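Participant: Below is the structure I would like to discuss, written out as structure tokens.
The values are calculated or read from the model by the stated rules, or taken from the named source; none is laboratory data. Predicted model only: the values in this text are computed from it and were never measured. Here the Cβ positions follow ideal geometry from the backbone for every residue, glycine too, while neighbour counts run over all protein chains shown. With ligands, DNA and RNA removed, areas are computed over all heavy atoms of the protein, side chains included. Shrake-Rupley method; radii C 1.70, N 1.55, O 1.52, S 1.80 Å.
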Amino acid sequence: MSDDEESRVIQVRPTYAKKRKEKKDVVFYTNFEEVLQKVNAFGPYQIFCFIVILYASIEWAGNSTFMHVLGSFEPDWNCTLANNHTVKIIAPTNDSSCAYIKKNCKSLSPIKQNLEFFSIVGQFQLICDDENKVEYIEVIMAGSSLIGSIIGGHMGDHFGRQTIFFTGELLIIITSMMCTAAQSWIAFAAIQGVNCFIYGVIETTSLTMMVEFTSNKYRVIMVNAFQWPIAYMTSALIAFLTKGWQVYFVFLNLVSSPLAIGFMLFLESPRWLIARNELSQACDVLNDIAHQRWNNTKARFTTKDISAIHKTEKQGFYWFYHLFSTKRLAKQSCLQIISVLTYAMVSNTYLFTVTGLHDSAIMFTFLDGVFRLFVPIVIVIFDLMVPSFGRKIQFLGSLVIEGILFGVIIALVATGTCTYDSKPVTILVIIATMINDCIFWINIVQITTQRYPTVIRCIAFGFLHSFRHIGAIIGFIILKPLLTSNWSTGAFVIPEAMIILTIIVGFFFQPETKGKALMDQMVEANYGRMENELPRALMRLAAGHRVDQSEMRQIHRKAMESAKAAELMGQKVESPWVFKEKEGEKEDKKED
């Protein structure tokens, strides 16, 4: 054989090498927390959602709280007498000035020169006999939000958290722009009523979606997206630059219009999809979140991977009744009602007494945002860094501080030391309200998240928000008249009584929820997560044992096949294990 032929043979001579198969991890998820670990519980997608909701709060706060301060700001008035002379009437008008206007003024017009902000009170002259129209508008807006929260809660649990999410935000922007064309307070109230109804739907579904996208550790961050410090400061800046309510709404919606793109990128809650046994859609959402465009964890999910998470149970039509359907849920729901009404009473007192601090509506709105900016940051740091800083401690601690502050206020007002609108009382009310909004309310939301299963969680949040709006209406009807009555102390006694009641009930009946996993099915609400996890843990143990056995059988099968192949080649094989050991020794010698 020539050298060329020998080299050609050498080139085509096949070489044999052992191909090592990559071991595939057997994935078997028994709860959603394990899934969150795979997709990253607080990655770029969750941060994106946080930023979008924080941005959306500018639009939401700018509309829903407009009438609290900016919209009800009263200007000075020019009174034109019968002889065409004008008299300036200083705001705010009272009984004597209203009597003068009725008797002497041929016409009345607001003074816009050097005016800080021209509100609808000046536009539609909502003073004297029409003074109560401002409260009518606020009650209409609160009532619309109440109805929207109830409907939004049921829609979110039956049709998904993402239902009308993008469309609803678009309608909020449209209705907010439409109110600039209102020619009367009735038209303005009707349009804002529609706006607040849609907001009631979205605030319920979006809050539920945000708490389900992340784990227990980072949930406190996601909930704080619904705090409005940046929203109030931005609204104050817009009001300062525009000087009038119509231009204010135009620029408010121009600033918020990019939200439409952000809301289009939101995904359905995978937790809700699994609870509703929509496993294929849940896998699509989870794979999208884990994709490199978002969290980039390279995790892939199939319906088999997450099939053990869903517990088969009859999916009935859930509604408010199911929040009281068991003793455990009924007790928690009653506690939530008391807590939310207490929150609303304290917040209303703040709105009705802040006029003593300054006369600027814009400055008040700005400072309202500044005061809310730092407390949530401190709470988030403590919550993440101190494991013992639990929900119950924050819940009761915030109430105790509020109770002490309101006790001091009652003593000052009852003894005649200060009036209800004096600076010392206003400062104490501001401190109490910041604690109320930034600590107490946040813990109400987190407790609600853990105590109600996924299949009725959105209904629970709708229930929560509806009682908050009921509390706002009660405040307009009871607390505000009390402040101007002979017993102004009563406006502080009622919140104080509610605070004491909530402390007592919360101390005895509110369990600690920090670190506890969320429930998904009604059966877990009936018996608790621990009892339901026991059979699932056994199932997981059995599955792991089955996987180990299958791997051992695979190894044994390969050893038997090798021994049989050796026998066919004429080798003497006494045992497949001895043969396997000899083969191993030969390979070691070849390597040496």
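Participant: Would you confirm, using the coordinates I've provided, whether Ser422 is in contact (Cβ under 8 Å) with a residue 24 or more places away in the chain and over 20 Å from the mean Cα position of the chain (by Cα)?
Facilitator: On the way: in contact (Cβ under 8 Å) with a residue 24 or more places away in the chain: yes; over 20 Å from the mean Cα position of the chain (by Cα): yes.
Taking the combined requirement at face value, the residue satisfies it.
Participant: State whether the residues of the stretch 297-311 include one that is over 30 Å from Arg468 (Cα atoms), open to solvent by 50 Å² or more (accessible area, probe 1.4 Å), part of a helix (DSSP H, G or I) and free of Cβ contacts under 8 Å to residues at least 24 places away in the same chain.
Facilitator: Yes: the stretch 297-311 contains one or more residues that are over 30 Å from Arg468 (Cα atoms), open to solvent by 50 Å² or more (accessible area, probe 1.4 Å), part of a helix (DSSP H, G or I) and free of Cβ contacts under 8 Å to residues at least 24 places away in the same chain.
Participant: Restricting the stretch 129-179 to residues that are more than 20 Å from Val211 (Cα to Cα) and out of contact with any helix residue (DSSP H, G or I) (no Cβ under 8 Å at 6 or more places or on another chain), which is surrounded by the fewest Cβ atoms within 10 Å (Cβ to Cβ)?
Facilitator: Asn132
Participant: Something else: Please go through the stretch 107-161 and give me each residue that is in a helix (DSSP H, G or I), of a type in the set (S, T, N, Q) and farther than 25 Å from Ile238 by Cα, ordered by number. Steps first, answer last, please.
Facilitator: Of the residues in the stretch 107-161, the ones in a helix (DSSP H, G or I) are 120-124, 128-130, 133-159.
Add one more test, that the residue is of a type in the set (S, T, N, Q), and what stays is 123, 144-145, 149.
If the condition is that a residue be in a helix (DSSP H, G or I), of a type in the set (S, T, N, Q) and farther than 25 Å from Ile238 by Cα, then Ser144, Ser149 are the ones that fit.
Participant: Please list, ordered by first then second residue, the pairs with beta carbon atoms under 6 Å, 6 or more apart or interchain, first in the stretch 186-202 and more than 13 Å from Ile151 (Cβ to Cβ), second open to solvent by 30 Å² or more (accessible area, probe 1.4 Å) and not aromatic (Phe, Trp, Tyr).
Facilitator: Every condition considered, the pairs that remain are Ala189/Ile140; Ile191/Met178; Gly193/Ile140.
Participant: Across the stretch 248-284, what is the number of residues that are part of a helix (DSSP H, G or I) and without any contact (Cβ under 8 Å) to a residue 12 or more places away in the chain?
Facilitator: Filtering the stretch 248-284 for residues part of a helix (DSSP H, G or I) gives 248-256, 259-264, 270-275, 279-284.
Then drop every residue that is not without any contact (Cβ under 8 Å) to a residue 12 or more places away in the chain, which leaves 254, 261, 284.
Count: 3.
Participant: Kindly indicate which of Asn94, Asn114, Asn104, Asn83 is on the phi > 0 side of the Ramachandran plot and either in contact (Cβ under 8 Å) with a residue 40 or more places away in the chain or open to solvent by 10 Å² or more (accessible area, probe 1.4 Å) (or both).
Facilitator: Values: Asn94 fails: on the phi > 0 side of the Ramachandran plot; Asn104 fails: on the phi > 0 side of the Ramachandran plot; Asn83 fails: on the phi > 0 side of the Ramachandran plot.
Only one candidate qualifies: Asn114.
A quick yes/no check of all residues on (1) under 30 Å from Glu116 (Cβ atoms); (2) of a type in the set (Phe, Trp, Tyr); (3) open to solvent by 10 Å² or more (accessible area, probe 1.4 Å):
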position	(1), (2), (3)
Cys196	yes, no, no
Glu212	no, no, no
Lys217	no, no, yes
Ala225	no, no, no
Pro229	yes, no, yes
Lys243	yes, no, yes
Val250	yes, no, yes
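Participant: Could you tell me whether Val400 is in a helix (DSSP H, G or I), under 28 Å from Phe509 (Cβ atoms), touching a helix residue (DSSP H, G or I) at 6+ places or on another chain (Cβ under 7 Å) and in contact (Cβ under 8 Å) with a residue 24 or more places away in the chain?
Facilitator: Details: in a helix (DSSP H, G or I): yes; under 28 Å from Phe509 (Cβ atoms): yes; touching a helix residue (DSSP H, G or I) at 6+ places or on another chain (Cβ under 7 Å): yes; in contact (Cβ under 8 Å) with a residue 24 or more places away in the chain: yes.
Against the criterion (in a helix (DSSP H, G or I), under 28 Å from Phe509 (Cβ atoms), touching a helix residue (DSSP H, G or I) at 6+ places or on another chain (Cβ under 7 Å) and in contact (Cβ under 8 Å) with a residue 24 or more places away in the chain), Val400 qualifies.
Participant: Which residue, of Phe371, Phe389, Phe324, is closer than 25 Å to Ala231 by Cβ and open to solvent by 10 Å² or more (accessible area, probe 1.4 Å)? Please lay out each step first, then the result.
Facilitator: Numbers: Phe389 fails: closer than 25 Å to Ala231 by Cβ; Phe324 fails: closer than 25 Å to Ala231 by Cβ.
Only one candidate qualifies: Phe371.
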